[in-house]
Every structure is written in structure tokens, then in C-alpha cells.
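Worksheet: the structure to be examined is printed underneath.
The values are calculated or read from the model by the stated rules, or taken from the named source; none is laboratory data. It should be emphasised that the depicted structure is a prediction, and the values quoted were computed from it without experimental measurement. In this analysis, Cβ positions are derived from the backbone assuming ideal geometry, glycine residues included, and neighbour counts consider all displayed protein chains.
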Amino acid sequence: MDKRLLSIVIVNYNTSSLLKSCLDSLYNSLRISNLTDKSEIMVVDNASSDESLKTLKENFPRVTLIENKENVGFAKANNQAILKSKGEYILLLNTDARVNDRAIEKSIEDFKKDKSLGVVGGKLVYEDRTLQKSAGFFPTLISVFNWMFFVDDIPLLNHFLKPYHVENSGFYKKSQNVDWVSGAYFMARKEVVDKIGLLDESLFMYGEEVEWCFRIKWAGYEVKLDPSIQIIHDKGGSSRIGKDAGIIEEFKFILYFYRKYKPRWQQKTVQLLLQAGIKLRSILFGIIPKHKSRKELYDKAFEVAG
């Protein structure tokens with residue numbers, strides 16, 4: 001087997017223009033860091049009907065293309081490429097992400113400096129460089145309560161909590177270990193993946209990276225957020241999931257996570273917390289004018305959590 005330092009895996013579904021921008025930034029980052037010949041790039045296409053395949057074949061001939069006949073989801077598509085990967089490190093990258101010049105080089109340096117690291121993630125920003133929430137802590141009963149009943153939103157107090165999604169901008173100013181980082185830019189040590197297994201294919205489009213990080217940390221490895229690694233992320237552009245659907249999928253994931261890893265009393269407790277928090281949001285949006293669609297969204301979410 002022709003070993004490489006890095007295997008880069010990109011899952012694509014009808015995002016031809018984003019894919020081109022992503023690969024252009026990737027090629028540039030690899031070139032600047034002298035990593036081009038040490039890396040392989042694999043794109044898994046989930047049965048796109050746009051110009052994605054044409055774009056790849058005409059502009060990026062060195063990319064290894066895996067074509068699916070149907071949309072198999074994020075986890076399974078990534079797993080297809082991971083099984084074929086030859087790199088010491090694996091980078092999962094969304095098509096709506098663009099890496100800065102030294103992002104990949106810095107990620108690999110983090111791994112080399114700290115053998116306890118299983119995963120390295122970066123700071124995600126929008127096109128205008130405003131911050132995205134892209135890391136956090138596992139959804140404990142306390143953190144789910146704080147989220148559902150708006151405790152996370154209390155000024156100053158949120159600096160001392162360990163929320164599921166960290167929104168405090170100050171948190172993203174220093175390198176630190178967290179529980180999970182976003183799958184938009186997610187670099188893992190291959191030997192760790194070999195030990196703990198692939199992404200959970202029961203999850204189609206939400207929470208895959210959180211569940212994976214849980215197993216990685218369970219195996220004794222750390223997950224690092226390094227804000228010096230900056231990624232421009234057109235959140236939602238890769239069409240993994242829409243914003244409203246994402247809210248519902250988030251609740252579904254937490255219920256799945258608890259069924260898989262927690263005792264029955266915690267499963268029931270988290271379900272009650274979600275139901276109460278969702279019902280509270282439905283009532284609030286029902287009172288606020290011009291928010292009928294949000295009320296309907298949370299009414300639907302309540303059915304999912306029921």
C-alpha cells in the first residue's frame with residue numbers, strides 16, 4: 001500500500017460550485033505547506049444531479065472519485081472513503097468549507113506535539129469572519145436542562161457552564177480540549193479510527209461527529225479545538241440539512257445518543273427535559289407575533305420527542 005501522511009475526505013451532494021471553491025482552497029493550502037505529494041484527496045459523490053462530476057473530472061484529475069448511485073448520507077459516504085484511505089491522518093471536510101493557508105499544516109503539527117490527541121478541529125467563521133459555534137461538550141442532563149430552559153443565555157453565567165454548543169466568543173480565542181468539534185473540518189488520527197471504529201451509519205445527517213468523539217474520548221484520547229486553524233464555512237451550503245430540519249434532527253440525535261450510551265432513567269429524564277423545553281418554545285413563539293412558522297416547527301419537534 002502506498003502510504004500517505006494525510007487522507008482528505010469530502011462528501012458531495014449537488015454542490016458543484018462549493019466543491020470547486022473548497023478544492024481550490026485545499027490545493028492552495030497543501031501547496032503552501034509542501035504537502036501535495038504527501039496527501040490524497042477523495043470525493044464521495046452521493047448521486048449528484050448537477051455539474052459536480054463534470055467539475056471534478058475537468059478541473060481536479062488527481063482527486064479519487066467514489067460515485068454512489070443514491071444519497072447514502074454523511075456517515076456512510078465518509079466511511080466508504082476512510083476504508084480506502086492510506087493516510088496517517090484523516091481530514092473530513094465539508095464542501096462548504098474553505099481552509100486557510102496553514103490550516104492543515106497546523107493541524108498535523110498539533111498531533112505531532114501531543115500524542116494523546118485523537119481529533120483536531122478549527123475555528124469556523126462565516127464569510128464576513130463572524131464566529132460560528134463549532135465545538136462543545138457532550139449533552140449531559142445538566143447541559144440539556146440549561147439549554148432547554150435558557151440558562152445558557154444568562155450573561156456571565158454562560159462563561160462557567162459546559163454547554164452542548166458553546167456560543168461564548170471568548171471560548172474560541174484559546175486552544176483547549178473539548179468534547180467535540182464540528183465535522184465541517186475534522187482531522188483524526190487514523191490509528192485511533194482503526195481502534196474505535198467508523199462513523200455510526202445509523203445517523204444519516206446529524207450528530208455523527210459528536211457520537212464519534214464520544215467513542216474517541218471513551219478510548220482515552222483527547223479532542224482539541226485550535227482557533228489558530230481558521231476555516232471559512234458557508235454553514236448549510238453543503239446541503240447536509242436545512243436549518244429547521246436541523247433543529248428537529250438535533251433533538252432526535254440527543255434521544256439516540258442517550259438510548260445508545262445511557263441508562264434507562266437518564267433516557268426518560270432527557271426525553272422529559274426535551275419535551276418541556278420544546279413545549280415552552282412552542283408557547284413563546286405562539287405569543288410572539290409573526291412567529292407562527294416557528295411555533296409549528298416546535299409543535300412538530302414535540303411529536304418527534306414524544
| query | Hey, any hits in the stretch 79-90 for a residue that's farther than 24 Å from V210 by Cα, assigned by TED's automatic domain parsing to the domain that holds F111, surrounded by fewer than 21 Cβ atoms within 10 Å (Cβ to Cβ) and acidic (D, E)? | reply | no
| For the stretch 65-164, which strands (runs of 3 or more DSSP E) that fit wholly inside it have 3 or more residues that are of a type outside the set (A, V, I, L, M) and in contact with a strand residue (DSSP E or B) (Cβ under 8 Å, 6 or more places away or on another chain)? | 87-94, 117-125
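Would you mind stating whether L91 is within 22 Å of I254 (Cα to Cα) and modelled with pLDDT of 95 or more? Break it down stepwise before answering.
Details: within 22 Å of I254 (Cα to Cα): no; modelled with pLDDT of 95 or more: yes.
Considered against the rule, which asks whether it is within 22 Å of I254 (Cα to Cα) and modelled with pLDDT of 95 or more, L91 comes out as no.
Give me the residue from the stretch 112-137 that is closer than 19 Å to E222 by Cα and surrounded by fewer than 19 Cβ atoms within 10 Å (Cβ to Cβ) and, out of that set, nearest to the chain's Cα centre (by Cα).
F137
Before we move on, is S16 of a type in the set (S, T, N, Q) and closer than 23 Å to D101 by Cβ? Please lay out each step first, then the result.
Values: of a type in the set (S, T, N, Q): yes; closer than 23 Å to D101 by Cβ: no.
Taking the combined requirement at face value, the residue does not satisfy it.
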| note | Scanning the stretch 32-64 for residues that are hydroxyl-bearing (S, T, Y) and assigned to a strand (DSSP E or B) gives S39, T64
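Of the residues N94, N79, N59, only one is polar (S, T, N, Q) and over 21 Å from V181 (Cα atoms); which?
Details: N94 fails: over 21 Å from V181 (Cα atoms); N79 fails: over 21 Å from V181 (Cα atoms).
None of the other options fit; the residue is N59.
Would you confirm, using the coordinates I've provided, whether R259 is within 19 Å of G121 (Cβ to Cβ) and free of Cβ contacts under 8 Å to residues at least 40 places away in the same chain?
Details: within 19 Å of G121 (Cβ to Cβ): no; free of Cβ contacts under 8 Å to residues at least 40 places away in the same chain: yes.
Against the criterion (within 19 Å of G121 (Cβ to Cβ) and free of Cβ contacts under 8 Å to residues at least 40 places away in the same chain), R259 does not qualify.
Yes/no per residue for (1) assigned by TED's automatic domain parsing to the domain that holds R98; (2) basic (K, R); (3) farther than 27 Å from D24 by Cα; (4) in contact with an Asp or Glu (Cβ under 7 Å, 6 or more places away or on another chain):
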site: M148; (1), (2), (3), (4): no, no, yes, no
site: E167; (1), (2), (3), (4): yes, no, yes, no
site: K195; (1), (2), (3), (4): yes, yes, yes, no
site: C213; (1), (2), (3), (4): yes, no, yes, yes
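Taking the stretch 65-110, which residues are of a type in the set (V, I, T) and farther than 14 Å from F186 by Cα? Talk me through it step by step, then tell me what you get.
Of the residues in the stretch 65-110, the ones of a type in the set (V, I, T) are 66, 72, 82, 90, 95, 99, 104, 108.
Within the stretch 65-110, I66, V72 meet the criteria.
Taking only the stretch 244-275 into account, find how many residues are in contact with a Lys or Arg (Cβ under 7 Å, 6 or more places away or on another chain) and more than 14 Å from L203 (Cα to Cα).
First, the residues of the stretch 244-275 that are in contact with a Lys or Arg (Cβ under 7 Å, 6 or more places away or on another chain): 248, 267.
Then keep just the ones that are more than 14 Å from L203 (Cα to Cα); that gives 267.
Number satisfying all stated conditions: 1.
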| request: Of the conditions (1) surrounded by fewer than 22 Cβ atoms within 10 Å (Cβ to Cβ); (2) not in a helix (DSSP H, G or I), N28 clears all except one; give me its number. | output: (2)
| message | Among the residues of the stretch 11-25, what is the count of those that are part of a helix (DSSP H, G or I), of a type in the set (A, V, I, L, M) and within 18 Å of F74 (Cβ to Cβ)? | response | 2
| message | Against the condition closer than 18 Å to F150 by Cα, of a type in the set (S, T, N, Q) and surrounded by 14 or more Cβ atoms within 10 Å (Cβ to Cβ), how does Q267 come out, does it pass? | response | no
